[in-house]
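Let me begin by presenting the structure, written as structure tokens, before commenting on it.
The values are calculated or read from the model by the stated rules, or taken from the named source; none is laboratory data. This structure is a prediction, so every number in the text was calculated from the model and none was measured. Please note: Cβ atoms are built from the backbone with ideal geometry, for glycine as well, and neighbour counts cover all protein chains shown.
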Amino acid sequence: MNSMSTIDALDVKLLLELIRDPRVQISELSDRLGIARNTAQTRLSRLTRAGTIRSRGREIDLGLIGYDVVAFVTVEVTHRELDGVITALRRIDQVLEVYEISGRGDIWCRLVSVDTHHLQSGLRSILRIKGVIRTETVLALHEHIPYRAEPLLQRLAESAPGRAAE
């Protein structure tokens, strides 16, 4: 699975349901989508094997469905417009995350795009937001460590007083 052309409309609906409810059971998923339980299970397995759904949890690898340009954008804003800028960023589909930051800039966000033209379009959308002064963009070349929480939780489990005997 290397491109969007291998993902059909049913796969997209399935992925949307998983994002909305990561703990959904196969039977409920099949009911929501109006498909057979075996179809839902087969498609989930195929998407997991292909890496579209990462094996640990229900995180979607957007690169495998065509959104393989990742950019980190630092946004400088007029402070009285901060809330409005954040609201406007929420409406841009390409924006995955937004953080208010300290240091250089005021907001940091992660954008994904299908190519550099799509990225440019997203950046122009950001620059058109009332209150945005300037942006600085850095492109990601390769993800070495995907988002993870397991090491922190493992450390907590190992150091928690009164943890259950194994």
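Given the criteria touching a strand residue (DSSP E or B) at 6+ places or on another chain (Cβ under 8 Å), outside the structural domain of residue 124 (by TED's automatic domain parsing) and in contact (Cβ under 8 Å) with a residue 12 or more places away in the chain, does residue 53 qualify?
In short, yes.
Residue under question is residue 124, and the condition is that it be part of a strand (DSSP E or B) and farther than 18 Å from residue 65 by Cβ; does it hold?
no
Looking at 78, 74, which one is more than 21 Å from residue 143 (Cα to Cα) and touching a residue at least 24 places away in the same chain (Cβ under 8 Å)?
78
Which one of the conditions (1) exposed (fewer than 13 other Cβ atoms within 10 Å of the Cβ); (2) assigned by TED's automatic domain parsing to the domain that holds residue 133; (3) farther than 23 Å from residue 150 by Cβ does residue 95 fail to meet, given that it meets all the rest?
Result: residue 95 fails condition (1) only.
Here is a yes/no grid of residues against (1) modelled with pLDDT under 95; (2) within 21 Å of residue 12 (Cβ to Cβ):
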| residue | (1), (2) |
| --- | --- |
| 46 | yes, yes |
| 56 | yes, no |
| 61 | yes, yes |
| 64 | yes, yes |
| 70 | no, yes |
| 82 | no, no |
| 109 | no, no |
| 116 | no, no |
| 131 | no, no |
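List the pairs whose first member sits in segment 8-33 and is within 21 Å of residue 62 (Cα to Cα), whose second member is among the polar types (S, T, N, Q) and not in a helix (DSSP H, G or I), and whose Cβ atoms are under 9 Å apart, counting only residues at least 6 apart or on separate chains?
Every condition considered, the pairs that remain are 11/52; 15/52.
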